[in-house]
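Following: one structure in structure tokens, then a few remarks.
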Amino acid sequence: MRGRAASECELIIVRYDTPSLMTWNARTYDGGFGYVSAHGAPLVDLLDPRPGERIVDLGCGTGVLTAEIASRGAHVLGIDGSPAMIEKALAQYPGLDFIVGDGRDFVVAQPYDAVFSNAALHWMGSEPDAVISSVREALAPGGRFVAEMGGAGNCAALTAAVSTAWREHGLPDPDLPWYFPTPAEYAGRLEKGGFVVRILEYFDRPTPLDECPNGAADWVRMFAGSLLHQLPAELIESLLRRVNELAAPALRRETGWMADYVRLRFAAVRR
Ligand SMILES: C[S@@+](CC[C@H](N)C(=O)[O-])C[C@H]1O[C@@H](n2cnc3c(N)ncnc32)[C@H](O)[C@@H]1O
């Protein structure tokens, strides 16, 4: 399928069949989970967008960071696999270009100076090399790939609580939808994929779930909603109650819930 022209001189070819993309609730994303983009500010600084540069924001969600990059004078194109996210981004930032597309095989007509991505690459883990290859093809030689994603061990207490609750309820092991690589693994993929890795950081980032009164259960509903599809409502309530009980000792503080995020942040340059 050919996507709509994002601007007069831009033609993007996007993948039509995107079976592994989960459904996002764009309406509640910025309210309860706005911390995802709020934590992206240092990544925009690492990108260091310059006036006039052409930049792709891959997995742009509702466009908050796309707008931040544009405010620094760059021409930004936000690409996301979720039509609901793109619809909200277009409504919030009508002056910016957004398009539905798949990180695993998007194609651009004119090369870009940089591809930026916050909290999205771990959702594209079924084909990480295809994502890296698409990004490389989208960049001019010397172009930057600057991104942050979940790293190995990300949300380990949360996901352990989910697996245990599922098992206790007699359900098969949940098919968790993420790819959280080690720094060595992802650096190897980048190098094999035609990039020179300039910076690679791997760090704990405990993250308050301030807008999630129901703690781990709210997090599961937003980020692992695909696991709940087709389960009866009473079973979902019981599962999520148990997830909260199991996760609480590790993640519940007097001040509220704290998710155990681990991040991989990198800046690489196209050879
Ligand atoms: C946690 S959100 C992050 C959104 C945004 N970058 C931010 O910082 O708020 C992850 C985004 O990745 C998108 N996504 C997941 N898989 C994708 C794929 N294969 N291609 C493009 N976007 C994808 C989702 O639709 C979602 O909007």
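The values are calculated or read from the model by the stated rules, or taken from the named source; none is laboratory data. No experiment lies behind these values; they were computed from the predicted model shown. No Cβ is skipped: glycine too gets one built from the backbone with ideal geometry, and neighbour counts run over all protein chains shown.
Hey, does the range 141-157 have a residue that's modelled with pLDDT of 95 or more, closer than 23 Å to ARG271 by Cβ and part of a loop (DSSP other than H, G, I, E, B)? I'd like the intermediate steps shown before the answer.
In the first step, residues of the range 141-157 are kept if they are modelled with pLDDT of 95 or more; the result is 141-157.
Those still in the list that are closer than 23 Å to ARG271 by Cβ too: 141-149.
From what is left, the residues that are part of a loop (DSSP other than H, G, I, E, B) are none.
No, every residue in the range 141-157 fails to be modelled with pLDDT of 95 or more, closer than 23 Å to ARG271 by Cβ and part of a loop (DSSP other than H, G, I, E, B).
Tally time: how many residues in the range 66-85 are surrounded by fewer than 24 Cβ atoms within 10 Å (Cβ to Cβ), in contact with a strand residue (DSSP E or B) (Cβ under 7 Å, 6 or more places away or on another chain) and assigned to a helix (DSSP H, G or I)?
The number of residues fulfilling the criteria is 2.
Restricting the search to the range 173-215, which residues are part of a loop (DSSP other than H, G, I, E, B) and under 20 Å from VAL131 (Cα atoms)? Full working, then the answer.
At the first step, the residues of the range 173-215 found to be part of a loop (DSSP other than H, G, I, E, B) are 173-182, 193-194, 209-214.
Of everything in the range 173-215, those that are part of a loop (DSSP other than H, G, I, E, B) and under 20 Å from VAL131 (Cα atoms) turn out to be LEU176, PRO177, TRP178, TYR179, PHE180, PRO181, THR182, GLY193, GLY194.
Scanning the range 66-81 for residues that are touching a Ser or Thr at 6+ places or on another chain (Cβ under 7 Å) and within 9 Å of the ligand (Cβ to nearest atom), which turns out nearest to ARG27 (Cα to Cα)?
Residues of the range 66-81 that are touching a Ser or Thr at 6+ places or on another chain (Cβ under 7 Å), as a first pass: 76, 78, 81.
Among the residues that remain, those that are also within 9 Å of the ligand (Cβ to nearest atom) are: 78, 81.
Values: GLY78: 18, GLY81: 16 Å.
Among residues in the range 66-81 that are touching a Ser or Thr at 6+ places or on another chain (Cβ under 7 Å) and within 9 Å of the ligand (Cβ to nearest atom), the one nearest to ARG27 (Cα to Cα) is GLY81.
I'm trying to understand the selection: among the residues of the range 171-194, which are of a type in the set (Gly, Ala, Ser) and free of Cβ contacts under 8 Å to residues at least 40 places away in the same chain?
Here is the first cut: in the range 171-194, the ones of a type in the set (Gly, Ala, Ser) are 184, 187-188, 193-194.
ALA184, GLY188 - these are the residues of the range 171-194 that are of a type in the set (Gly, Ala, Ser) and free of Cβ contacts under 8 Å to residues at least 40 places away in the same chain.
For ALA248, indicate whether it is over 20 Å from HIS122 (Cβ atoms), of a type in the set (A, V, I, L, M), out of contact with any strand residue (DSSP E or B) (no Cβ under 6 Å at 6 or more places or on another chain) and modelled with pLDDT of 95 or more. Even if it seems obvious, please write down each step before you answer.
Numbers: over 20 Å from HIS122 (Cβ atoms): yes; of a type in the set (A, V, I, L, M): yes; out of contact with any strand residue (DSSP E or B) (no Cβ under 6 Å at 6 or more places or on another chain): yes; modelled with pLDDT of 95 or more: yes.
Taking the combined requirement at face value, the residue satisfies it.
Quick test of your reading of the structure: LEU90 fulfils all but one of (1) outside any helix (DSSP H, G or I); (2) more than 12 Å from the ligand (Cβ to nearest atom). Name the failing condition by number.
The single condition LEU90 does not satisfy is (1).
PRO208 - would you say it is touching a Ser or Thr at 6+ places or on another chain (Cβ under 8 Å) and modelled with pLDDT under 95? Let's see the steps before the verdict.
Working: touching a Ser or Thr at 6+ places or on another chain (Cβ under 8 Å): yes; modelled with pLDDT under 95: yes.
Yes.
Does ARG242 satisfy the criteria of being of a type in the set (D, E, K, R) and surrounded by 17 or more Cβ atoms within 10 Å (Cβ to Cβ)? Walk me through how you get there before you give the answer.
Values: of a type in the set (D, E, K, R): yes; surrounded by 17 or more Cβ atoms within 10 Å (Cβ to Cβ): yes.
Judged against the criteria, ARG242 is a match.
Here is a check on your reading of the model: is GLU168 in contact (Cβ under 8 Å) with a residue 60 or more places away in the chain and surrounded by fewer than 18 Cβ atoms within 10 Å (Cβ to Cβ)?
Working: in contact (Cβ under 8 Å) with a residue 60 or more places away in the chain: yes; surrounded by fewer than 18 Cβ atoms within 10 Å (Cβ to Cβ): yes.
Taking the combined requirement at face value, the residue satisfies it.
Which residue pairs have Cβ atoms under 6 Å apart, sit 6 or more places apart or on different chains, and have a first residue in the range 236-247 that is among the basic types (Lys, Arg) and a second that is surrounded by 21 or more Cβ atoms within 10 Å (Cβ to Cβ)?
Once the first residue is among the basic types (Lys, Arg) and sits in the range 236-247, its partners that are surrounded by 21 or more Cβ atoms within 10 Å (Cβ to Cβ) give ARG242/ALA165.
For ALA84, state whether it is modelled with pLDDT of 95 or more and more than 9 Å from the ligand (Cβ to nearest atom).
Values: modelled with pLDDT of 95 or more: yes; more than 9 Å from the ligand (Cβ to nearest atom): no.
Spelling it out, it is not the case that ALA84 is modelled with pLDDT of 95 or more and more than 9 Å from the ligand (Cβ to nearest atom).
Quick one: which residue in SER126, SER117 is in contact (Cβ under 8 Å) with a residue 60 or more places away in the chain, within 13 Å of the ligand (Cβ to nearest atom) and surrounded by fewer than 24 Cβ atoms within 10 Å (Cβ to Cβ)?
Numbers: SER117 fails: surrounded by fewer than 24 Cβ atoms within 10 Å (Cβ to Cβ).
Among SER126, SER117, only SER126 is in contact (Cβ under 8 Å) with a residue 60 or more places away in the chain, within 13 Å of the ligand (Cβ to nearest atom) and surrounded by fewer than 24 Cβ atoms within 10 Å (Cβ to Cβ).
Could you please let me know if ALA224 is under 16 Å from THR164 (Cβ atoms), buried (at least 19 other Cβ atoms within 10 Å of the Cβ) and modelled with pLDDT under 95? Please lay out each step first, then the result.
On the way: under 16 Å from THR164 (Cβ atoms): yes; buried (at least 19 other Cβ atoms within 10 Å of the Cβ): yes; modelled with pLDDT under 95: yes.
For ALA224, the condition - under 16 Å from THR164 (Cβ atoms), buried (at least 19 other Cβ atoms within 10 Å of the Cβ) and modelled with pLDDT under 95 - is met.
Just to verify a result, which residue in the range 37-65, among those that are surrounded by fewer than 16 Cβ atoms within 10 Å (Cβ to Cβ) and outside any loop (DSSP other than H, G, I, E, B), is farthest from the ligand (Cβ to nearest atom)? So that I can check it myself, show each step before the final result.
The first filter runs over the range 37-65 and keeps only residues surrounded by fewer than 16 Cβ atoms within 10 Å (Cβ to Cβ), leaving 38, 41-42, 45, 48, 50-52.
Those left that are additionally outside any loop (DSSP other than H, G, I, E, B): 38, 41-42, 45.
Values: ALA38: 9, ALA41: 10, PRO42: 12, ASP45: 14 Å.
Of everything passing the filter in the range 37-65, ASP45 is farthest from the ligand (Cβ to nearest atom).
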